[in-house]
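The structure appears right after this line, and notes come after that.
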Amino acid sequence: MFPEYRSLISKLKQSNAHFSKFFEEHNALDHEIIRLEKDPVTSNVDDIDLLKRQKLKLKDELYVMLKQAETSTE
C-alpha cells in the first residue's frame, strides 16, 4: 500500500499513534479478508464485502493523513 510513501509511513507509524492504529486496523482487515476468501464455503460474501468497504475507508483516511504529513514536511 502506497509504496511511494514507504519512508513516511514508517515515520508516522512511530510518531503518530492515530496513524499507527489505522494502519494496523487496515492490515488486520486485509488478513481477515484473505482468510475468509480462502474458505468460500463458510464465508459470507456480504461479510467480505463489508470488510472490504471498511478497509477501503481506512485506506482513504490513511492517504489523507499521508498527504497532510507530506505537505507539512515540505
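The values are calculated or read from the model by the stated rules, or taken from the named source; none is laboratory data. Quick caveat, the model's predicted, so the values are computed rather than measured. No Cβ is skipped: glycine too gets one built from the backbone with ideal geometry, and neighbour counts run over all protein chains shown.
If you check LEU51 against the conditions, is it part of a helix (DSSP H, G or I), touching a residue at least 12 places away in the same chain (Cβ under 8 Å) and of a type in the set (A, V, I, L, M)? Against the criterion (part of a helix (DSSP H, G or I), touching a residue at least 12 places away in the same chain (Cβ under 8 Å) and of a type in the set (A, V, I, L, M)), LEU51 qualifies.
Restricted to region 24-74, and to residues there that are more than 18 Å from LEU8 (Cβ to Cβ) and among the polar types (S, T, N, Q), the residue that is modelled with the highest pLDDT is GLN54. Pairing each residue of region 19-32 that is touching a residue at least 24 places away in the same chain (Cβ under 8 Å) with any residue that is among the β-branched types (Val, Ile, Thr) and in a helix (DSSP H, G or I), provided the two are 6+ apart or on different chains, yields C-beta distances under 9 Å for PHE19/ILE9; PHE23/ILE9.
When you look at SER43, is it over 16 Å from the mean Cα position of the chain (by Cα) and closer than 24 Å to SER72 by Cα, yes or no? No: the conditions fail for SER43. Considering only region 23-30, I want to know if a residue exists there that is assigned to a helix (DSSP H, G or I), over 23 Å from ALA69 (Cα atoms) and of a type in the set (A, V, I, L, M). Yes, that holds for at least one residue.
When the residues of region 33-48 are narrowed to those that are touching a helix residue (DSSP H, G or I) at 6+ places or on another chain (Cβ under 6 Å) and part of a helix (DSSP H, G or I), which ends up surrounded by the most Cβ atoms within 10 Å (Cβ to Cβ)? Even if it seems obvious, please write down each step before you answer.
Taking region 33-48 and keeping what is touching a helix residue (DSSP H, G or I) at 6+ places or on another chain (Cβ under 6 Å), we get 33, 36, 43, 48.
Restricting the remaining residues to those that are part of a helix (DSSP H, G or I) gives 33, 36, 48.
Details: ILE33: 18, LEU36: 16, ILE48: 15.
Among those residues, the one meeting the criterion is ILE33.
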